[in-house]
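*Asks:* Got a structure for you, questions after.
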Amino acid sequence: MLRQLVLNKKKEQKRGELDKLREKDKEFKTRASDLEKALEEAESPEDIDLVDQAGKELETEKATNDEEMGRLEREIEEIDRELLDIAAKEPKEGEKEEMGQERSKAKEYTTRAAHKEYFTREVVDFYNDLKVNLRARRANGNVLPGTDTGAELIIPDIVVNRIRERIGDYTTLYPLVDKVYAKGRVKLILDVDTKEATWIEQRGASLAEDDDTELTAVEFDGFMVGRIVYIDNSLLEDSQPIINLDDYLTKRIARSIAMAVDKAIAVGEGASAKQPEGILTKIPTGNKATVAADYKEIIPLLGKIDTGNDATGEIVAVMHRKTYYGKIATLTLHTDAAGKDVVSLPNLAQPNFLGLRVVFSNYIAENKLIFGVFDKYTLVERESPRVDASEHVKFREYQTAIRGLGRYDGKPVMPEAFVEVTLGE
């Protein structure tokens, strides 16, 4: 669109002006250093007065320069916002109808509404602040505010929720477990009992309080998980930096945290390793068995799954991808003497074990199956994901280092709800 070309041209010009002003800012620092040396060498009142006058002139010039830099940065931010609005109205890939038909009006409306709902002023301001900080620190030889300034960029809640949604996109076990979101960093004690409620009289009766010793209470901590994501600085300078930067940042932070959380749910080593407890580490000995890869031997083991009186949970089978295609899927392939199939072929597009949903997790060892009601595993998110950074990282490669952090703890609150099956020869 012509308007985009005009805005990009204006932005390019203003960025050039801003770069020149930042170069002047560096010169001011050099001049200030020279004046300090001159003051140390001054021997007469006249010399001191000259240094004082030069210092006042320098302060005036720097104040004017800072004001002009701030004006240009605000104008560039306004251009970014307008470019964002234009982008939200444009058709995205896959939205054009086949055979040259017009795009669906409903789909266009939904896309525009979604952009408008997500890219609120708070989100736009967050990314603009991020970009301004990146550019300012690069001008001074740094990447982002580090420990010397104590600065940190906190992700707005709406971006945090987007990261949470994307964590679900990149995981297999995370969507299955029970999730609790809790603020703070102190230990958390949850009552995870699911026993039935008590019947009482309609009026004039009160519920009896259970003795504390009867409560099924589980203590949760909050262990840090993080990943450094490198952002090519060109993402900060293209025509639509906010959209691209948001997609890049949220996707990579979510994906890296998702992998760590999924691994912890499966095989986490617990508090001694500063991570959640995995299901495999807590399954009772009586719920473990080694059998041949045969339905007749595997199916009876599902009876070991014990969720008490609560029998509503879905049983899911979790295994390594190679285990399913190498051992499980082929169990249904039988033919008679005439070479005809006597059992229906497996649905490879939707893996299942005799109708039970199969979920892949390559953190589970090959030839091992985990059956269970996975909402009997509780994952506690103790702190919203956030970003911060250190100085100089990847500066030579023209990249910026962003560190995504989160705090989680989790454990199987009812280990008896899981069964571990090892496939023998």
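*Asks:* Please compute, for the alpha-carbon atoms of the stretch 2-94, the extent along each of the three principal axes and give them in descending order in Å.
*Replies:* 75, 18, 16
*Asks:* Pairs of Cα atoms under 8 Å, at least six residues apart: use those to get the relative contact order of the stretch 2-94, whole percent.
*Replies:* On the way: 34 pairs, mean separation 42.4, N = 93.
Relative contact order for the stretch 2-94 comes out at 46 percent.
*Asks:* Okay, moving on. Using modelled backbone amide H atoms (1.01 Å from N, in-plane), which distant-in-sequence or interchain residues come within less than 5 Å of Ser361's amide H?
*Replies:* Those lying under 5 Å, H to H, from Ser361 are Met319, His320, Arg321.
*Asks:* Could you size up the charge dipole of the stretch 2-94 around its Cα centre, putting +1 on the beta carbon of Lys and Arg and -1 on that of Asp and Glu, and report it in debye to the nearest 20?
*Replies:* Details: 20 positive and 30 negative charges, 222 e Å.
Dipole magnitude for the stretch 2-94 comes out near 1060 debye.
*Asks:* Here's another thing I want to ask about it. Run the paramagnetic zone check for Glu17: 7 angstrom along Cα to Cβ, then residues of the stretch 69-84 with backbone nitrogen under 15 Å.
*Replies:* Under cut-off, by backbone N: 69-80.
*Asks:* What FRET efficiency would be calculated for the residue pair Glu43, Thr64, taking the C-beta separation as r and a Förster radius of 30 Å, to the nearest 0.05?
*Replies:* Efficiency for this residue pair is about 0.40.
*Asks:* Stretched out fully, how many nm does the piece from Arg357 to Ala182 gain, at 0.36 nm a residue minus the Cα gap?
*Replies:* Details: separation 175, 0.36 × 175 = 63.00 nm, distance 3.01 nm.
60.0 nm is the gain from fully extending Arg357 to Ala182.
*Asks:* Two decimals is fine: what's Rg over Rh for the stretch 1-52, C-alpha atoms, Kirkwood radius as Rh? Don't skip to the answer; put the middle values down first.
*Replies:* Details: Rg = 20.3 Å, Rh = 14.0 Å.
Using only Cα positions, Rg/Rh for the stretch 1-52 is 1.45.
*Asks:* Label point 7 Å out from Ile86 along Cα-to-Cβ: which residues of the stretch 2-35 have amide N under 11 Å?
*Replies:* 2-11
*Asks:* Then there's this: Label 7 Å along Cα→Cβ of Leu50; the stretch 5-44 residues with amide nitrogen under 18 Å?
*Replies:* Under 18 Å, as judged by backbone N against the label point of Leu50, lie 31-44 of the stretch 5-44.
*Asks:* Glu36 versus Ile299, label points 7 Å from Cα toward the beta carbon: distance in nm?
*Replies:* Between Glu36 and Ile299, the simple spin-label model gives 8.2 nm.
*Asks:* Another one. Past 28 Å, Cα to Cα, is the threshold; run Lys26/Lys251; Lys24/Lys251; Lys179/Lys296; Lys179/Lys282; Lys37/Lys62; Lys9/Lys29 against it and keep the listed order.
*Replies:* Values: Lys26/Lys251 36 Å; Lys24/Lys251 37 Å; Lys179/Lys296 35 Å; Lys179/Lys282 19 Å; Lys37/Lys62 19 Å; Lys9/Lys29 31 Å.
Check vs 28 Å cut-off fails for Lys26/Lys251; Lys24/Lys251; Lys179/Lys296; Lys9/Lys29.
FYI, it's all coordinate maths here, none of it is from the lab. Values in this document were obtained by computation on a predicted structure and should not be read as measured data. No Cβ is skipped: glycine too gets one built from the backbone with ideal geometry, and neighbour counts run over all protein chains shown.
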